[in-house]
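Working notes, structure below.
The values are calculated or read from the model by the stated rules, or taken from the named source; none is laboratory data. Everything quoted here is computed from the prediction, not taken from an experiment. All Cβ positions, glycine included, derive from the backbone under ideal geometry; neighbour counts span all protein chains shown. All accessible areas refer to the heavy atoms of the entire protein, side chains included, with ligands and DNA or RNA removed. Shrake-Rupley method; radii C 1.70, N 1.55, O 1.52, S 1.80 Å.
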Amino acid sequence: MAMRIAAFTIQDQGVLIVNMCPGWVKTDMGTDRALIEVSESVSDMMKTLPELNGTHHGSYLDRNGKVIPF
């Protein structure tokens with residue numbers, strides 16, 4: 001919620017703020033039981049970033065750009 005408030009506080013300054021969920025990733029935190037590798041998560045996020053625009057400002061997204069309602 002803090003990032004959503006920050007996003008709307010600076011929305012007129014030309015800065016795009018989104019929150020992005022990387023998914024359940026095989027890391028120390030995600031453990032080896034997680035579904036995806038770090039490289040897959042990062043690759044998906046890097047493909048998504050150039051597609052974002054002002055309509056995404058303040059949104060919570062998955063790594064593929066799908067809005068996660070909150």
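Some observations on this one:
- Condition check for D32: part of a loop (DSSP other than H, G, I, E, B), touching a Lys or Arg at 6+ places or on another chain (Cβ under 9 Å) and among the acidic types (D, E): yes
- Long-range neighbours under 6 Å by Cβ, at least six apart or interchain, first residue in contact (Cβ under 8 Å) with a residue 60 or more places away in the chain within the stretch 44-62, second open to solvent by 30 Å² or more (accessible area, probe 1.4 Å) and in a loop (DSSP other than H, G, I, E, B): none
- Residues that are more than 9 Å from the chain's Cα centre (by Cα) and not in a helix (DSSP H, G or I), drawn from the stretch 45-63: L52, N53, H57, G58
- Qualifying residue in the stretch 23-44 (condition: crowded, with 16+ Cβ neighbours inside 10 Å and within 9 Å of the chain's Cα centre (by Cα)): no
- Scanning the stretch 8-20 for residues that are surrounded by 14 or more Cβ atoms within 10 Å (Cβ to Cβ) and within 19 Å of P50 (Cβ to Cβ) yields L16, I17, V18, N19, M20.
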